[in-house]
1. Looking for whichever is in contact with a Cys (Cβ under 9 Å, 6 or more places away or on another chain), more than 14 Å from DNA strand D (Cβ to nearest atom) and not assigned by TED's automatic domain parsing to the domain that holds B:S15 here; the options are B:V102, B:V110. Which one fits?
2. Any idea which residue in the range A:98-111 is nearest to the other protein chains (Cβ to nearest Cβ), counting only those that are farther than 19 Å from B:G134 by Cα and among the aliphatic types (A, V, I, L, M)?
3. Determine which single condition B:I26 fails, assuming it passes every other condition in (1) exposed (fewer than 11 other Cβ atoms within 10 Å of the Cβ); (2) within 19 Å of the chain's Cα centre (by Cα); (3) within 9 Å of DNA strand D (Cβ to nearest atom).
4. Sort out which residues of the range A:28-59 are in a loop (DSSP other than H, G, I, E, B) and of a type in the set (D, E), and write them in order of number.
5. From the residues in the range B:120-144 that are hydrophobic (A, V, I, L, M, F, W, C) and under 27 Å from the mean Cα position of the chain (by Cα), which one is farthest from A:A137 (Cα to Cα)?
6. Please list, ordered by first then second residue, the pairs with beta carbon atoms under 6 Å, 6 or more apart or interchain, first in the range A:16-34 and under 12 Å from A:Y83 (Cα atoms), second modelled with pLDDT under 95 and away from DNA strand D (no atom under 12 Å from the Cβ).
7. Which one of the conditions (1) assigned by TED's automatic domain parsing to the domain that holds A:R13; (2) crowded, with 17+ Cβ neighbours inside 10 Å; (3) under 30 Å from B:L117 (Cβ atoms); (4) over 14 Å from the mean Cα position of the chain (by Cα) does A:H43 fail to meet, given that it meets all the rest?
8. Does any residue of the range A:59-74 turn out to be within 24 Å of A:G100 (Cβ to Cβ), surrounded by fewer than 19 Cβ atoms within 10 Å (Cβ to Cβ), away from DNA strand D (no atom under 11 Å from the Cβ) and touching a residue at least 12 places away in the same chain (Cβ under 8 Å)?
2 protein chains.
Amino acid sequence: MASLDERLEDALRASGRRSTTQRRLILEVLAEGSLHLDASELHARVRERDPSISLATVYRTLAVLKELGLVEEHRLGQDHGLYEAIHDEPHYHFTCLRCGKVIEFDTPLVELIEQELAEREGIGVTRTHLLVSGYCAECRAATH
Amino acid sequence: MASLDERLEDALRASGRRSTTQRRLILEVLAEGSLHLDASELHARVRERDPSISLATVYRTLAVLKELGLVEEHRLGQDHGLYEAIHDEPHYHFTCLRCGKVIEFDTPLVELIEQELAEREGIGVTRTHLLVSGYCAECRAATH
DNA sequence: TTACCTGCAAAGGGTTTGCACTTTG
DNA sequence: CAAAGTGCAAACCCTTTGCAGGTAA
């Protein structure tokens, strides 16, 4: 697959939008940053490289990137959005109900579930989200 | 399993909380309502039977009910919470991206995924959400 | 040049909270 | 009664938007 940056340029052009310093920088930070950033943390990191970028631009850019399919927004039990650049492979999440830690994982069983469901219901599957909640190893230990 | 109402009484007693008209009514409405209500719609329905109940109480009660494990909050791509009384069996959702239709289903494979994950990461699983998106049979036919 | 984009600050909308009053146990 | 719960309204926090000035194409 093409690099995120190339995909950004292509998608912007295709949708008649402009390539700006802010949009490139925001996607760049998102792509290299830790897996799930919220808007204000993303804003803070972006500001380390360009202090003039506003939070409003971060939100507006995130909306564009989501629309272009380059970024995905999760609300994993949180009360606010977490953003993540989309990688090649689908992946699923575990979140700790106590400390909020997120563990990503993948499993072929989801595809199996999709197949069974598609066959039984005659549907076409586009995407599947799997969210497991519970307590991580540290928090389990802490509450004993 | 005991009725929701009995479970409510038990859980409230066990946690040293009081049983109030508001709490009973809110859970009752939630239990009979459509699958996913947001806080203000829930408030509206509750008010049909007791107009004096405030939105603040709805939110406070929802927090209690969640803590007691009687109600579950979803944020399936929405920007605000949707609430649902927890029934006996876990169930998963398919939603049609075109018409919004929801199909509920169940599968033992989710449990398998939970076991694998718990073993590998040392976590304790409380609950798992599975959301499949795509196009239902009718909408697939309609777009051909 | 001219849309599109950005920064700023103010507005929005869902959710939470301080306070005085009410109700449960 | 004492403590927990409620209603009201204001506060909160994340997110969106109007506007005037900037910038890509």
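1. Within the list B:V102, B:V110, the selection yields B:V102.
2. Applying the filter and picking the extreme gives A:I103.
3. Status for B:I26: all satisfied but (1).
4. A:D50
5. The selected residue is B:C139.
6. Pairs that qualify, where the first residue is under 12 Å from A:Y83 (Cα atoms) and the partner is modelled with pLDDT under 95 and away from DNA strand D (no atom under 12 Å from the Cβ), are A:L30/A:A85; A:A31/A:L4; A:A31/A:A85.
7. All conditions pass for A:H43, except number (3).
8. Within the range A:59-74, one or more residues are within 24 Å of A:G100 (Cβ to Cβ), surrounded by fewer than 19 Cβ atoms within 10 Å (Cβ to Cβ), away from DNA strand D (no atom under 11 Å from the Cβ) and touching a residue at least 12 places away in the same chain (Cβ under 8 Å).
The values are calculated or read from the model by the stated rules, or taken from the named source; none is laboratory data. Quick caveat, the model's predicted, so the values are computed rather than measured. So basically every Cβ, Gly included, is an ideal-geometry build from the backbone, and we count neighbours across all protein chains shown.
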